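Here's the structure we're looking at; comments come further down.
The values are calculated or read from the model by the stated rules, or taken from the named source; none is laboratory data. Just so it is clear, the model here is predicted, and its values are computed rather than measured. Neighbour counts run over all protein chains shown; Cβ positions are idealised from the backbone, glycine included. We work out accessible area using only protein heavy atoms, side chains counted, and drop any ligands, DNA or RNA first. Shrake-Rupley method; radii C 1.70, N 1.55, O 1.52, S 1.80 Å.
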Amino acid sequence: MTQATATQIAADVRAGRVQARAVVEAALARLDEARHLDAAEHVLADEARSAAHALDSRMAAGEDVGPLAGVPVVIKAENDVAGVVTTFGGRCGGEPAVADSAVVARLRQAGAVVVATTRMPEFGQYPFTEGDGGITRNPHDLDRSPGGSSGGSAALVAAGVVPVGIGGDGGGSIRIPASCCGLVGLKPVRGRVSTAPHPDLWGALGTIGPLTGTVADCALVYDAISGTTDVDAFSARAPTEPFAAAAAREPGRLRIGWIATPPWPTIRVDPRVRRVLGETARRLAEAGHDVRALPGRWPDAQPAFVPSFFAAIADECSRVPHPERAEARTRSGAGVGAAIPDVVLRAAGRAAERIRRGVEARWAEYDVVLSPTIACLPPPLPQLTGAWMGQAILRAAPMVAFSTLANVTGHTAMSIAAGTAGALPVGVQLYAPGGDETRLLPLAAQLERLLRDAAQA
């Protein structure tokens, strides 16, 4: 982790205890030291220094510089950053973006300083941050994957370079790298955060959000970036309270069901992951929650997810200037997606609605469902080198077994670091079959405190 959280940095800058320029210079120095991770795509040193100088000048003039004042952030390469080619993790981009995406603009308006864009697998297809452009490494073990598709952002936060990295989640791509890198990763409800200038991200599957080291930082960033525009295809109901307030309060006594059986018999949960999940369930029970083991398997979201996944690849390819430059795996996936008839996609949409209703009925008596985030430990590198599309999908299965459900249903889910297996982090997933993010944030903050107290005991 960084020496200071986003919450601490913003408070110090706003109080005049530190200048934004000093914070940004330190982040740029750490970014240079972290080159061995191959996590940053474009470093924006001059632009970041200029933005920090402007913030300090506004501070000196007595202006309000925002809730994220001086916080250095990195941005996943699928988001437009003015003056930077939006690569989507590959070579399909054209001219530099003329304007920031909605998320980047809101971060800047809140006082954050963008220091780099980050690596991702092309179009975010896989839970490994690898491709023709290189392999991103996990700072906890350089021979392991940081997960994906938001692996570049996760690696830089986990390495202590910045306290906030923006990611995206179309099948677990915020939660998976959060688990692999020992971070907090919240997938919001569908339509919580704008995807503008695009109407959506991976159709109905995708959302945008941060990877952070603490629950408080996660909430702080979401309060700054939430909200949609007229461009967006989806819009969520306003949360019941500000996210920062939710993260700061006690959760009350919750009904929590926990389950460790993946949807497919071919997938086996690593015993070390299962151990951490069991310990987490015990901690929550000791904290006063009604915690019960759930029978059966995790719901299978693939009838809705798979057609939507391939259609999303085709759609993403159609939005870039040079789809002919895409990697072979991407071209194969886009070809499959382009060949899917509309009737099949409509059937996938109906299946998604059936799955959502089924989940809400099956788990109606529970406030939160607890599961592994991923079924395995962070996998060894490489995973995608030389792999064709089918092989890559098979290798991804243990990583996405528990995560795609929330993308299909539109529910909120988050990963929080809950333990380790040797030097490797293990995350657990909190899933809300009803309600919004404010149901998960208080519980995640409580679990964070319980784990911190146990480590200090």
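By the scheme Lys and Arg +1, Asp and Glu -1, what is the net charge of all other residues having a beta-carbon under 15 Å from that of residue 248? Let's see the in-between values first.
Details: positive: 249, 439, 449; negative: 217, 223, 241, 250, 437, 448.
Net local charge, residue 248 excluded: -3.
Rounded to whole Hz and in sequence order, give me ³J(HN,Hα) for the stretch 113-119 from the Karplus expression 6.51 cos²θ - 1.76 cosθ + 1.60, θ = phi - 60°, writing x for Gly and Pro.
Values, residue by residue: 10, 7, 10, 6, 9, 10, 6 Hz.
Calculate the FRET efficiency for residue 25 and residue 235 from the Cβ-Cβ distance with a Förster distance of 41 Å, rounded to the nearest 0.05.
Working: r = 39 Å, r/R0 = 0.95.
With a Förster radius of 41 Å, E is 0.55.
How long is the gain from residue 248 to residue 350 if the chain were fully straight, where each residue apart is worth 0.36 nm and the alpha carbon distance is subtracted? Don't skip to the end; give the middle numbers.
Working: separation 102, 0.36 × 102 = 36.72 nm, distance 3.79 nm.
Separation in residues times 0.36 nm, less the Cα-Cα distance, equals 32.9 nm.
Give me the net charge for the shell around residue 288: Cβ to Cβ below 12 angstrom, other residues only, Lys and Arg +1, Asp and Glu -1. The partial results should precede the final answer.
On the way: positive: 253, 255, 283; negative: 250, 286, 290.
After counting each charged neighbour, the total is 0.
Whose amide H sits under 5 Å from the amide H of residue 207, counting only residues 5 or more places off or on another chain, with H placed in the peptide plane?
Those qualifying (amide H under 5 Å, at least 5 residues apart or on another chain) are 169, 170.
Okay, which of the stretch 279-302 sit inside 14 Å, backbone N to the point 7 Å along the Cα-Cβ direction of residue 449?
284, 287-289
Set the Förster radius R0 to 22 Å, insert the Cβ-Cβ distance between residue 50 and residue 98 as r into 1/(1 + (r/R0)^6), and round the FRET efficiency to 0.05.
Numbers: r = 18 Å, r/R0 = 0.82.
The value I calculate is 0.75.
If you plug each phi of the stretch 355-369 into the Karplus form 6.51 cos²θ - 1.76 cosθ + 1.60 with θ = phi - 60°, what whole-Hz ³J(HN,Hα) values come out, in order, with x for Gly and Pro?
So the Karplus estimates, Gly and Pro as x, are 5, 4, 5, x, 5, 5, 6, 5, 10, 4, 7, 10, 7, 9, 10 Hz.
Calculate, for the stretch 214-299, the solvent-accessible area per residue in square angstrom, rolling a 1.4 angstrom probe over the heavy atoms of the protein chains.
Values: 4330 Å² over 86 residues.
The answer is 50 Å² per residue.
On the accessible surface of the chain, probed at 1.4 Å, how many percent belong to carbon and sulfur atoms? Can you show the working numbers first?
On the way: 8940 of 16850 Å².
Reported share for carbon and sulfur atoms: 53 percent.
How much area per residue is accessible in the stretch 1-126 when the probe is 1.4 Å and only protein heavy atoms are counted (Å²)?
Numbers: 5210 Å² over 126 residues.
Heavy-atom SASA per residue in the stretch 1-126 reads 41 Å².
Label residue 255 and residue 109 with points 7 Å out from Cα along Cα→Cβ: what is the distance between them in nm?
Going by the 7 Å Cα→Cβ label model, 4.0 nm.
Estimate the FRET efficiency between residue 142 and residue 300 by the formula 1/(1 + (r/R0)^6), using the beta-carbon distance for r and 45 Å for R0, to the nearest 0.05.
E between residue 142 and residue 300, to the nearest 0.05, is 0.85.
Can you give the net charge of the other residues whose Cβ lies under 10 Å from the Cβ of residue 450, counting K and R as +1 and D and E as -1? Could the numbers behind the result be given before it?
Working: positive: 283, 449, 452; negative: 286, 448, 453.
Charge balance near residue 450 sits at 0.
Any chance you could check the Cα centroid distance between the stretch 103-136 and the stretch 424-446 for me, in angstrom?
Here the two parts' Cα centres lie 23 Å apart.
Run the quick spin-label model on residue 339 and residue 364: label points 7 Å from Cα toward the beta carbon, then report their separation in nm to one decimal.
Label at residue 339, label at residue 364, 4.3 nm between them.
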